[in-house]
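Data first, discussion second: the structure below is written as structure tokens.
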Amino acid sequence: MRVLLVITRLELGGAQRVVLYTAEHLDRENFEVALAWGPGDRLDPEAAALDELQLFPVSKLVRPVAPVSDLHALRDLRGVMRSFRPDVVHTHSSKAGILGRFAARRERVQSVVHTVHGFGFTPLQPAPMRFVFRAVEKLLARWTDHFITVSESDRRRGVELGLFPAERATVIRAGIDLAAFRAASGGAGVRRALGIPMTAPVVTQVGNFKPQKAPLDFVRVAKSVAARCPEAWFVMVGDGPLRAAAEQLARSSGVSARMVFCGWWDDVPALLDATTVSVLTSVHEGLPCSVVEALAAGVPVVATAVDGTVEVIRSGVNGYLAAVGDIDALASGVTSLLLDATARARMAVAARDGLDQFDRDLMVRQQEDLYRCLGPTNRS
């Protein structure tokens, strides 16, 4: 069976990691695999290094709405499908989901799957834009044979909004390397590299510096925590358009001396081995891999109670949840964990429980089973 995976960009992120791992590990005795994406990001070399994967870079496939580029990308995606002749087109991310599914419809691809890593219409968009994107999703749903959501929250929401019926949507968790995070080590080396004292508690946020992640809220949390835990250090991992603003806020808030902006960090398990408490201040999510990674490493998490995040964080058991933008509640959760070693140790043990559903090999097998159900033999 020929499977074409389509994603907008290969920047660092959970959806991109899912696509690359799927592309590499689909059973080659049963699947021929290709990848179409907009080139020019950090994970491109990883895609190029994969064996037995046909690559179709689509230069005009970009994240922003750009009518001229989008029309060229649609034309090029149709060309990719005529060349590869897929039995299944599987799209990820909003722009690739729109253009990829439309191209598959025009090229009469037999089966179309779309993974929802959080919906393309978000609380940060103006109401008219949200209305347009929801309307587009409803149209495209008619041309989508099956939906995958990474959280039960998104599956339920999609059904409630009339985007798809329940029987055409399956929850398949975004998988991670559970073994690597459960065996996380190397924290001392990370502390040395970042100039953090060996005994200092470390509060870390991993994610891009985009409005979705609300990175300025993490700086505000750090300011509040630092007033009560002056020995604490804070690490922000990632990059993006709001990084300069976050750095400026750290300086004006008086926490810059103990806040490290380290950019993207390749060895995340080692980083988590150096972390005392993990934080995520997002406004919306699908189900964030960074939260699951922290829990797998035995690190309690304090996060906003959004979307799929509430499906893995049990407040008071393996971390704490707070409302979006509630700096006081987020800071209180972090501070209580830093000051109460007994509670922190108890939550660290609980953090590792119930994560087997996030095994990345299980994720691939579940996708294979879905492809087979939709495949030529089952749709005659």
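The values are calculated or read from the model by the stated rules, or taken from the named source; none is laboratory data. Just so it is clear, the structure is predicted and the values come from calculations on it, not from any experiment. Note that each Cβ is placed from the backbone with ideal geometry, even for glycine, and that neighbours are counted across all protein chains shown. Areas reflect the complete protein model, heavy atoms only, side chains present, ligands, DNA and RNA absent. Shrake-Rupley method; radii C 1.70, N 1.55, O 1.52, S 1.80 Å.
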With every protein chain kept in place and a 1.4 Å probe, region 57-106 has an accessible area per residue in Å² of 45 Å²
Of every hundred units of 1.4 Å-probe accessible area on region 189-282, the number belonging to carbon and sulfur atoms, as a percent, is 53 percent
Classified through the alpha carbon gyration tensor (a ≥ b ≥ c as square roots of its eigenvalues; rounded if a/c is under 1.5, else prolate when a/b is larger than b/c, else oblate), region 199-356 comes out rounded
Everything considered on the Cα gyration tensor (a ≥ b ≥ c; rounded for a/c under 1.5, else prolate if a/b is larger than b/c, else oblate), region 37-114 must be described as oblate
Yeah, region 92-181 with a ≥ b ≥ c from its alpha-carbon gyration tensor (a/c under 1.5 is rounded, else prolate when a/b outruns b/c, oblate otherwise) is oblate
For the chain, the longest principal axis of the Cα atoms and the Cα long axis of helix 341-351 enclose an angle in degrees, to the nearest 10, of 10 degrees
Mean-square fluctuation maximum in Gaussian network of the chain, Cα pairs under 10 Å, restricted to Asn208, Asn30, Asn318, hits Asn30
Taking Cα atoms, the helix 243-253 axis meets the longest principal axis of the chain at an angle in degrees (rounded to 10) of 20 degrees
Reduced to Cα centres, the span from region 47-103 to region 319-377 in Å works out to 31 Å
Highest GNM mean-square fluctuation among Arg228, Arg101, Arg155, for the chain with Cα springs under 10 Å, belongs to Arg228
Nearest 10, in degrees from 0 to 90: the angle of helix 215-228 to the longest Cα principal axis of the chain is 20 degrees
Excluding ligands, DNA and RNA, the carbon-plus-sulfur percentage of the accessible area of region 100-175 with a 1.4 Å probe reads 54 percent
Residue-normalised value, i.e. accessible area per residue, for region 170-317 at 1.4 Å probe, in Å², stands at 34 Å²
Packing-ranked peptide list from 239-246, 216-223, highest mean Cβ count within 10 angstrom first, is 216-223, 239-246
Neighbours of Val364 by Cβ distance under 11 Å: Lys/Arg at +1, Asp/Glu at -1, summed charge -4
Quick tally, 1.4 Å probe accessible area for Tyr320, Tyr371, sorted with the most first, runs Tyr320, Tyr371
Which residues qualify? For Glu32, with a placed amide H closer than 5 Å and at least 5 residues away or on another chain, they are Arg2, Val3
Ranked by GNM mean-square fluctuation in the chain (Cα springs under 10 Å), the top entry among Ser59, Ser252, Ser151 is Ser252
